[in-house]
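Engineer: Provided herewith is a single structure, encoded as structure tokens, for subsequent inquiry.
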Amino acid sequence: MTSVAKPDIVNEEDEIDASSAPLLDHLVELRQRLIICMVAIAIGFAICFAFSVTLYEFLVVPFKDAVGQVTDEPTLYFAPLEFFFTRVKLAALGGIALAFPIVAYQIYQFVAPGLYRRERAAAAPFLLAMPVLFLLGASLVYYILMPFVMQFAVGMEQEAAAGRVKIELLTRVGDYLSLITTLIMAFGFAFQLPVFLTLLARAGLVTQDFLKRNRKYAIVGIFVVAAFLTPPDPISQLVLGGAIIALYEISVFAVGFAQRKAEGKAEAEDAVE
């Protein structure tokens, strides 16, 4: 019994063939899109550098809240030009974040001609979910983890007494920025785990049963990754590890949903043939 190809599949293949172009044209298009991305990042850098002091004041709120409990005037220290280069680093990170929608759109437009129409429609939710999940991870760092970390650091101080030296927290502006940005990047990318595993499931590389069988190995690997991505304090490592484990469990349900949806489509296609 011969099978008849579905018209929509034929039309999608014709659409991809019509959008094909020589390698040189692809390179020219890639160069143009890279230029757009670089210009967007440069504009974002300029905007963020103009407001870099305000941005830093926003990021330093957890430090002021924690240190302000033990001193009337929380102070950050810096070496010559350290604060300037800190503003440059902050503006660079902010510029990339500000330009991310444009960069993501350019990447999508570059690869979209090689995708089927249903694949392009499936990619849109993932593009929307990525910045949302990143913001959730960053919010967890800013509102929950950083106050914990700074209070833990302040708690290590001690006053001078008989037989004891005075131990005082002297935080530098560059060290504080490195700490909070490292945590934000670590949690932001860790929160992409559901997107990453769901994409692997749609590609047929992982299944829900595979994730369930290897859960114990994943938990060990998660805490190893958390130890590398976070500063050497147990609080941030436990928080990141716990967050990734929760995301892993969410990913198990997301992968199962994607798997059942793909199986349903396959059964529908078999019924048409």
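Since every read-out is calculated from the coordinates, none of them should be taken as a lab result. The structure presented is a predicted model; accordingly, all values stated were derived computationally and were not measured. So basically every Cβ, Gly included, is an ideal-geometry build from the backbone, and we count neighbours across all protein chains shown.
Engineer: Please compute the net charge surrounding Glu249, taking Lys and Arg as +1 and Asp and Glu as -1 over other residues with Cβ under 12 Å from its Cβ.
Structural biologist: Result for the local shell: +2.
Engineer: Taking the Cβ of each residue in Thr198, Thr207, Thr75 as the centre, tally the other Cβ atoms inside 10 Å and list the residues starting with the fewest.
Structural biologist: With the fewest neighbours first, Thr198, Thr207, Thr75 line up as Thr75, Thr207, Thr198.
Engineer: Shape call for segment 20-100 from the C-alpha gyration tensor, a ≥ b ≥ c root eigenvalues: rounded (a/c under 1.5), prolate (a/b greater than b/c) or oblate?
Structural biologist: Working: a/c = 4.59, a/b = 3.34, b/c = 1.37.
Since a/c reaches 1.5 and a/b is larger than b/c, the shape of segment 20-100 is classed as prolate.
Engineer: Right, another one. Under 19 Å from a point placed 7 Å out from the Cα of Ala124 along the Cα-to-Cβ direction: which residues of segment 187-216 have their backbone N that close?
Structural biologist: Correct set: 199.
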